[in-house]
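Following: one structure in structure tokens, then a few remarks.
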Amino acid sequence: MNKAQLGKLWEHFRTVNGITLRAIEEVPADKIDTRPCKDMRTPKELVVHMYNAMRTVADGTARGEIKWSDEEDKNAGQGIRSHAELLRFAQDSWKATDGSIRSLTDEKLAGLVKTPWGESFPGSGCVQIIYDEHLHHRGQLYAFLRQLGVEPPLMWDFEHNAPEFQPRTAAAQQI
């Protein structure tokens, strides 16, 4: 994957993230710390993990080394007490992730990134990890919403995203 190809993938992922943010908005404010599915994270823990992982992998890809700690991941959301703070955490993490991804060069995408998972991956593979991990956890978030009696957003309903997450014309898709 080169920078031009990344631009196309990231453009789609930007709209996917808009759907995810809408799903987070739908979590009832009084249910962020509940366990809608037995033996799984709370909605707050899930969203914090999703967006902390996204940011950590993107930052590490730009740096050439991903540093992951389960302890740091668990602590990432410690100051979050409300639904509004959870949504703000996701939005802020997206902005940081987006900046890191947009900073990647062809060399960074082709070069190896050291990971804590026992092997190194090309930068382009790390971008794919972000995409796959996000969709995996968004599926969990959708299951949580359904268990809480909330219909999740249609996964292809990009037109109802916030303006910054709606589809753009081809000319506006440069990364």
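Read-outs throughout are calculated quantities, based only on the coordinates presented, and are distinct from any laboratory measurement. Since the structure is predicted, the reported quantities are computational estimates derived from the model, not experimental observations. Cβ placement follows ideal geometry from the backbone for every residue including glycine, while neighbour counts extend to all protein chains displayed.
Annotations
- Extension gain, Glu107 to Glu133: 0.36 nm times the residue separation minus the Cα-Cα distance gives 7.0 nm.
- Exposed loop sites here mean trypsin sites (Lys or Arg not before Pro) with a DSSP loop assignment and at most 15 other beta-carbon atoms within 10 Å; the chain contains its longest site-free run at 82-167.
- A P(r) calculated from all alpha carbon pairs of the chain, with 5 Å bins opening at zero, reads 1, 9, 17, 20, 20, 15, 11, 6, 1, 0 percent.
- The string of couplings for the range 107-113 from the Karplus curve (6.51, -1.76, 1.60, θ = phi - 60°) is 5, 5, 5, 7, x, 7, 10 Hz, one whole number per residue in order, with x for Gly and Pro.
- Taking the chain as the region of interest, the number of lysine pairs whose Cα atoms are within less than 15 Å, with members eight or more places apart or on different chains, is 4.
- Spin-label zone in the range 68-99 - amide nitrogen under 16 Å from a point set 7 Å from the Cα of Asp33 along the C-beta vector: 75-87
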